[in-house]
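Can you read through this structure? Questions will come right after.
The values are calculated or read from the model by the stated rules, or taken from the named source; none is laboratory data. Note that this is a predicted model, so its numbers are computed, not measured. With ideal geometry, Cβ positions are generated from the backbone for all residues, glycine too; neighbour counts draw on all protein chains shown. Side chains included, ligands, DNA and RNA excluded: accessible areas come from the protein's heavy atoms. Shrake-Rupley method; radii C 1.70, N 1.55, O 1.52, S 1.80 Å.
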Amino acid sequence: MENLILQQIEKYKAGINRKYPYLNGLNNEQLSAVLQTEGPILVFAGAGSGKTRVIIYRALYLIKKGLAEPNRILGVTFTNKAAGEMRERIKKTLDNQSSLPEFSTFHSFCLKVLRLHAHLIGYKESFIVLDEDDSGKLIKAAVSELNLDEKVYTISKVKAFISKHKSEYINSEETTDESSPLKKNFTNIYRNYNEKLKELNAMDFDDLIFNSVLLFEEKPFVLSFYQDFYKYIMVDEFQDTNYIQDKFIKMLAGKHKNLCVVGDDDQSIYGFRGALVDNILKFKNSFKDCKEVHLGKNYRSNESILNAASNVIRINKKRAAKDIAPVKKGGKPVKVYRFENEESESGYIAREINLLVRHAGYSYKDIAVLYRINALSRGIEAGLINNGIDYQIYGGLKFYQRKEIKDVLSFIRFAVNPQDFLSFKRSVQCVPTGAGETTVEKIKRIADENNIHIFTAFQKGLLAGIKGLKLKESGLFETERMADKSKLLDYFELILKIKETAGAAKADEIIKTVFEESGYESLLKEKAEKDVLQNNRLDNIEALIKAASNYPNIQEFLDASAMDTEIGIDKEETNKVTLATIHAAKGLEFSVVFMVGMEENIFPHAKSLGDELAIEEERRLCYVGITRAKDLLYMTCAETRKTDKGNKENNMSRFIKEIDLRNNN
DNA sequence: TTCTCTAAAATTTTT
DNA sequence: TTTTAGAGAA
């Protein structure tokens, strides 16, 4: 087999086959991954080895060779950004194809599937997707309903428990570990939480995958359809898949078995979220005829940076043996600096950035400052601002997580899904409608007691008596005492209006209506007058409306916003320094990288100390950080650093020592 | 009962 | 430093 492929490759190289000229730019390893189209194939793709290229060219080759219609090729990634990039790149190479390959994240793809079939597993088709924030609220409610201590059953702990079980495909009914009162309580919270989700006709992020697998298991004809349809499947960053994602993909590829997984066990940095490195390390065990390709040439970093990376990662015990060789020889040694405190650290970085830009020919956009934890960005920002350097925080606060965005969308979410109590509460309270905690609870109780949705209760006039709302014969409303209650009445009429137009009106029109008629606009404008910072909230709403205009209907837009797709959100192509966590920076590259806060307790993080597996994950994270750099790498740390509890002294990170600077030049 | 103002509380990494 | 909790005003 291997020989056959090499022969084939030589054929291309000799120019015998000029049918696929676009493959000329690929090296032998990459070609081998592209040309072996049939059956399962595992591609180990080291950092900077051109893995995205392989995926794109593989799709292109499949299409040009006529092996599959474009839309019957599925590419699965983890981030919307990666999926979007692949979509763009393939679009450029396929100018006038009737369809395009489906590039999607696990979550978006599952959401699309569930939108079509969720009714088969007991959901209403208008189900909503809860973000982390909202699911946290439900957990909090569950904990307090069960009279448990919030200090013991913290949202983050409960979340981790539930997420772990869902990612291992263990239902709340099947959670049998009740060995201790603590575990029993966690299980009870899990059950209560799931009941709440059902009540809201809602799914959390983990449910999207969980329920897709459930759907496939319970309705084999649905699975069969998708198995038939997707002839070729490729999965990016396979080292980050968890148990259920791996299961999902293998089910989907179960018929054609043309499954290409690409990944790098050294870049597995989501273990804390249930990712299993074994999924990639043991992939071959699942398929006896699995092929394997190693992409071992690094085109991104120079020799010096790559040596530093190798020196660190080779200390890890659990990893597939592999070499990665730099294409770019030489390079300046990694620079390590230790400062007195974080101010001098950030001051140095800012001045150094300006020097690099003024005298070394770099642009601000070529430079990134990476850190282990978000909290470190503050100090860096201060340093950059003081030195007049523009920056952008990559992956910081998500657009759709912003308060004003969630507020405006909550009206629509409630209108579309009348079971969504969270959105009802948010929308009715984000503008002064006169409904506070008590009124909202009262309305919910009335709806619960009559076993109907809040909006139905309103329509049936059951909310009469609350703030004087009364039902007219026509089904519309009048108030007993107009002065007090007109606002709540207006609120419900606005919801009614959205419900009526949701099917036909365009997404941006609906959002505009909500913004203007809910009173939110005047509220924001009022605030903007008092506080200049509030001005960008208005800008964000504008951006929201603009983004919505790219979607055919409101449901699709709501789904995209739930997945935090930033499609249509204008990202300015400006010349700014990038700030990011190392996690967020995965998949990116920069000419110059500063890794800051290289201190014990920060990197590796205090919570990982003493746990060898956790330390190994931190080390992989360090490897990911180092390999973002193309030309220059700086590592900085401070002797003392301000934390929430005063100044803290930290030693230099062990990772700096591991680089072994003597052998690094 | 709701709204607004002030004080404290919180930060690992995320689809 | 941004978000939540509590207290007082309307």
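Between A:Leu146 and A:Lys219, how many nm apart are label points set 7 Å from Cα along the C-beta direction?
Using points 7 Å along Cα→Cβ, the separation is 3.1 nm.
Hey, another quick one. In terms of modelled amide H atoms, which long-range or inter-chain residues lie less than 5 Å from the amide H of A:Ala45?
Amide H to amide H, under 5 Å and 5 or more residues apart or across chains, A:Ala45 pairs with A:Gly263, A:Asp264, A:Leu295.
Per-residue ellipticity at 222 nm for chain A, helices alone: DSSP H runs ≥ 4 residues times -39500 (n - 2.57), over residue total, nearest 500 deg cm²/dmol?
It comes out at -15000 deg cm²/dmol, rounded to the nearest 500.
Using Stokes-Einstein with the Kirkwood hydrodynamic radius over Cα pairs, what translational diffusion coefficient do you get for region A:286-417 at 37 °C and a viscosity of 0.692 mPa s, in µm²/s rounded to a whole number?
For the chosen part, D equals 169 µm²/s.
Follow-up question, since we're still on this one. Set Lys and Arg Cβ to +1 and Asp and Glu Cβ to -1, take the dipole of region A:239-395 about its Cα centre, and tell me which of A:Ile315, A:Asn285, A:Ile385 lies farthest positive.
Going by the Cα projections, it comes out as A:Asn285.
Something else: Restrict the search to region A:130-210; then list the GluC sites (Glu not before Pro) that DSSP places in a loop and that have at most 10 other Cβ atoms within 10 Å of their Cβ.
Passing both the DSSP loop test and the Cβ count: A:Glu173, A:Glu174.
Given the Cα-Cα distance of A:Lys284 and A:Arg358 and 0.36 nm per residue of separation, how much length would full extension add, in nm?
Length gained, A:Lys284 through A:Arg358: 21.5 nm.
Okay, moving on. In debye, nearest 20, what is the charge dipole magnitude of region A:18-125 about its Cα centre with +1 on Lys and Arg Cβ and -1 on Asp and Glu Cβ, if you could check?
The dipole of region A:18-125 has a size of about 200 debye.
Rounded, prolate or oblate: which fits chain A when a ≥ b ≥ c are the square roots of the eigenvalues of the alpha-carbon gyration tensor, with rounded for a/c under 1.5 and prolate only if a/b beats b/c?
Because a/c hits 1.5 or more and a/b exceeds b/c, chain A counts as prolate.
Ok, one more. Leaving ligands, DNA and RNA out of it, report the carbon-plus-sulfur percent of the accessible area of chain A at a 1.4 Å probe.
Reported share for carbon and sulfur atoms: 49 percent.
Still on this model: Tell me which lysines have Cα within less than 21 Å of A:Lys332's Cα, excluding those fewer than 8 residues away on the same chain?
Filter leaves A:Lys297, A:Lys365, A:Lys630, A:Lys657.
Order A:Ile373, A:Ile393, most accessible first, counting only protein heavy atoms with a 1.4 angstrom probe.
Result of the area sort, largest leading: A:Ile393, A:Ile373.
Straight-line reach from A:Lys335: which aspartates and glutamates fall under 19 Å, measuring Cα to Cα and dropping same-chain residues less than 8 apart?
A:Glu303, A:Glu343, A:Glu345, A:Glu352, A:Asp366, A:Glu589, A:Glu599, A:Glu600, A:Asp631, A:Glu639, A:Glu658, A:Asp660
Which of the listed residues, A:Thr574, A:Ala560, A:Ala528, is farthest toward the dipole's positive end in region A:490-643, when Lys, Arg count +1 and Asp, Glu count -1 at the beta-carbon?
Projecting each Cα onto the dipole axis, the largest value belongs to A:Thr574.
Still on this structure: What residues have an amide H closer than 5 Å to that of A:Ser591, excluding those fewer than 5 places away on the same chain, when H is modeled at 1.01 Å from N in the peptide plane?
Here A:Lys630 satisfy the definition.
Along the Cα→Cβ direction, 7 angstrom out, place labels at A:Lys164 and A:Glu529. What is the inter-label distance in nm?
5.4
How high is the relative contact order of chain A, given as a whole-number percent (alpha carbon pairs under 8 Å, six or more residues apart)?
For chain A, the relative contact order is 17 percent.
Tell me, what ³J(HN,Hα) does each residue in region A:57-74 have, in order and in whole Hz, if you take phi through Karplus 6.51 cos²θ - 1.76 cosθ + 1.60 with θ = phi - 60° and put x for Gly and Pro?
In residue order, the calculated couplings are 5, 5, 4, 4, 5, 4, 6, 5, 7, x, 6, 7, 5, x, 6, 9, 10, 10 Hz.
From the phi of every residue in region A:209-217, what ³J(HN,Hα) in whole Hz does the Karplus formula 6.51 cos²θ - 1.76 cosθ + 1.60 yield, where θ is phi - 60° and glycine or proline is x?
Listing the rounded values in order: 6, 3, 5, 5, 5, 4, 4, 5, 6 Hz.
Note down the nm distance, to one decimal, between modelled labels 7 Å out along Cα→Cβ at A:Ala606 and at A:Thr154.
Distance between label points: 1.1 nm.
On a full-extension model of 0.36 nm per residue, what is the gain between A:Glu542 and A:Arg445, subtracting their alpha-carbon distance, rounded to one decimal in nm?
Gain in length upon complete extension: 31.3 nm.
Residue by residue through region A:504-521, what is 3J(HN,Hα) from phi via Karplus (6.51 cos²θ - 1.76 cosθ + 1.60, θ = phi - 60°)? Round to whole Hz and write x for glycine and proline.
Here the 3J(HN,Hα) series is 9, 6, 6, 4, 5, 5, 4, 5, 4, 4, 4, 4, 6, 8, 7, x, 5, 4 Hz.
Given charges of +1 on the Cβ of Lys and Arg and -1 on the Cβ of Asp and Glu, with all other atoms neutral, how large is the dipole of region A:131-199 about its Cα centre, in debye to the nearest 20?
Approximately 180 debye in magnitude.
Then there is this: With a probe of 1.4 Å, find how much accessible area region A:331-381 has per residue, and write the answer as a whole number in Å².
50
Which one of A:Gly39, A:Cys622, A:Tyr169 has its Cα pushed farthest toward the positive end of the charge dipole of chain A, where Lys and Arg give +1 and Asp and Glu give -1 at the Cβ?
A:Gly39
How high is the relative contact order of region A:131-199? Use alpha-carbon pairs under 8 Å, at least six apart in sequence, and give a whole percent.
Averaging sequence separation for qualifying contacts and normalising by length gives 35 percent for region A:131-199.
Using +1 on the beta carbon of Lys and Arg, -1 on that of Asp and Glu, and nothing else charged, what's the dipole of chain A about the Cα centre, debye to 20?
1600
Shifting gears a bit: Full-extension gain between A:Asn647 and A:Glu10, please, as 0.36 nm times their residue separation minus the C-alpha to C-alpha distance.
Extending this stretch completely gives an extra 223.1 nm.
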